[in-house]
Structures are given as C-alpha cells and as structure tokens.
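Before any comments, here is the structure.
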Amino acid sequence: GGFSPFAAGALPAALSAPLPGAVAAEGRPDGASAYLVSGSGAIAVAGGARAPSPPKTGPTRDLALLQEPSGYVLDGYGGLAAFGGAPPARPSAYWSGNDVARRVALRPDGAGYVLDAFGGLHPFGTEATPTPPAPPGGPYWPGLAVARDLVLLPGNGGAGYVLDAYGGVHPFGGAPPVRTNGYWPGQDVARRLVLAPGGAGGYVLDRTGGLKRFAVGGAPMPPRLLGGPSWPGQDRARDVVLTGPTTGYVIDDRGGVHGLGGATGRGSWRSGGRPAVVGAGLRIRGWVVYADDEGGLHTAP
C-alpha cells in the first residue's frame with residue numbers, strides 16, 4: 001500500500017507482539033509504534049501504542065488508523081469495527097457470509113472507502129463524518145475477483161487508484177490516468193501498488209520481485225529502483241516499502257528484506273517450508289517492520 005514516510009530516528013524500544021494468525025499491520029501516524037491484527041480480529045501493539053481488540057464477524061482483511069490509537073478493522077464481509085475511540089463506521093455495503101472485502105483506505109476527513117474483490121469501491125462515513133458520494137470512475141469486474149490493492153492520492157481523499165491482478169492501475173474519483181511499463185494480461189502477477197513521494201508516479205510489485213514503474217498524468221516516469229530481488233517463475237514477493245525517491249525495500253515470503261537503491265537489507269530467516277510473511281511492510285522512524293504468520297514483528301536494517 002501507500003504508507004507515508006516517517007522521519008528517521010530510533011526504533012521503538014518494544015517491538016514484540018505475539019499474535020498467531022496475523023494478517024495485516026499499520027504504523028502509527030507519528031511513526032513511534034505499530035499495530036498488528038489477526039484473522040480473528042485481535043489487535044496487538046508494538047512500541048507505545050495501546051488499543052483494545054474490536055468485535056468482528058468475518059475473516060480479517062485489513063486495518064487502517066484514523067488517529068492513534070483509533071481506527072478500523074475491515075473483515076471479509078465488509079464490516080468495519082472501530083477501536084480506540086474511533087466513531088462507529090457506517091458501511092454502505094455488507095456481504096453477510098461472503099468473503100469479498102479486500103482493502104480499506106481512509107480520507108483525511110475520517111470517512112473512507114472499502115475495495116471489494118471485484119473492484120467495487122464502497123464509501124462509508126461515521127457518526128462524526130457524513131458518508132461521501134461514491135467516487136466516479138474506477139473499474140468493476142463482476143464475478144472476477146482480481147482487485148488487489150487500493151491507494152488514495154495524497155491530499156485528495158476522493159481520488160486514487162485500484163490495482164488489478166494483471167498489473168493494471170485504474171484511476172477513480174478524477175485521478176489522472178497513468179502510463180505504465182508493466183502489464184501481464186490474464187496472469188495473476190501483481191501484488192502491491194505504492195505511490196512515490198509526492199504522488200506523481202509509483203510502482204507495481206510483481207510476484208517475482210520486479211517493480212514496474214508508472215507515471216501519473218503528464219508527470220515524468222519515476223526513476224528505476226535498482227538492486228532489488230528477482231525470483232523468475234516464483235511467487236515470492238509480498239510487499240514493497242519506499243524510504244525515499246530511489247530507496248526502499250522489497251519483502252519476501254520468508255522474511256528477507258531486499259534493499260533498493262543501495263539500502264541495506266538482510267537475508268531470509270526461513271529457508272523453506274510454508275511462507276512466513278503476511279505482507280505488512282511498515283516504516284517506523286526510518287526502519288522497516290514486517291509481520292510473520294505467527295504474529296512476530298521483524299525489523300530491518
């Protein structure tokens with residue numbers, strides 16, 4: 001996804017949140033700590049963050065922070081469980097018993113959007129913020145569950161992009177179209193969408209570790225990110241985190257953190273067997289933090 005850069009500094013003293021079945025994570029806005037959420041909806045914290053675990057009904061799919069220590073947990077049915085004093089959300093869509101919700105993104109005013117597996121965008125409000133109108137444009141693939149990621153343009157809560165499984169980047173809400181150099185028709189290859197600093201371009205992470213560039217509107221193509229990993233024919237890449245215009249990390253499914261643009265990474269800590277990383281890359285005061293499937297939080301460099 002599209003995490004905002006944090007200022008460089010010291011890593012929080014406490015980075016331990018044992019939480020079996022971790023599925024998503026999110027950094028606190030001031031970069032001092034992080035939250036981790038499990039498939040059962042339980043929340044663990046790292047650093048100084050504190051938050052109760054909200055109720056939920058379906059499998060957990062995503063987590064978004066409103067203002068520390070408050071936010072929402074998205075379940076697969078479209079439910080949004082508030083925690084930490086966030087006002088209750090008022091979803092505009094709910095699919096009881098159907099696991100179709102995939103991502104949640106919050107606008108600056110506290111409202112937001114839920115992305116379903118078919119590309120649909122469903123606005124929601126809260127007791128404190130009216131439900132915004134459905135954003136115009138955007139993709140929709142009835143019966144074809146190929147939506148993979150959702151990002152909002154910085155400073156514009158109603159516009160952004162949806163990533164499909166084939167690498168397509170689809171604007172909505174008046175966001176400019178993009179020019180891209182990566183697309184794989186009919187192949188489930190794309191994994192993550194991340195905007196470059198400033199939002200004038202970005203990158204699509206494919207399953208082999210490759211990063212395909214895209215430019216927003218008439219902006220120039222962002223620079224190539226050099227030195228990343230490559231796993232031809234393998235589904236290894238789980239997340240990408242940018243720490244600057246040409247630096248960042250790709251996180252693999254076994255805990256490896258691979259530096260881009262000269263950033264110092266580290267090797268995988270699980271050499272084989274079942275995948276270990278749930279694909280949650282965070283920047284906390286200049287460090288990259290990611291979660292394993294047993295709920296551990298790991299740091300690099």
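Report, in cubic angstrom per residue, the convex hull volume of the C-alpha atoms of the stretch 176-256.
Dividing the Cα hull volume of the stretch 176-256 by its residues yields 87 Å³.
For the stretch 125-269, what does the alpha-carbon gyration tensor say about shape, rounded, prolate or oblate, given a ≥ b ≥ c as the root eigenvalues, a/c under 1.5 as rounded, and a/b over b/c as prolate?
Since a/c reaches 1.5 and a/b is larger than b/c, the shape of the stretch 125-269 is classed as prolate.
Note down the magnitude of the dipole of the stretch 75-149 about its Cα centre, charges +1 on Lys and Arg C-beta and -1 on Asp and Glu C-beta and zero elsewhere, to the nearest 20 debye.
With Lys and Arg at +1 and Asp and Glu at -1, about 100 debye.
Can you give me the solvent accessible area of residue 95 with a 1.4 Å probe, rounded to the nearest 10 Å²?
For residue 95, the solvent-accessible surface is approximately 60 Å².
Counting only residues 5 or more places away or on other chains, whose amide H sits under 5 Å from the amide H of residue 159 once H atoms are built in the peptide plane?
153
The values are calculated or read from the model by the stated rules, or taken from the named source; none is laboratory data. These figures come from a predicted structure and were not determined experimentally. Reconstructed Cβ throughout: ideal geometry from the backbone, glycine too, with neighbour counts over all protein chains shown. Note: accessible area is taken over every heavy atom of the protein model, side chains too, but ligands, DNA and RNA are not part of it. Shrake-Rupley method; radii C 1.70, N 1.55, O 1.52, S 1.80 Å.
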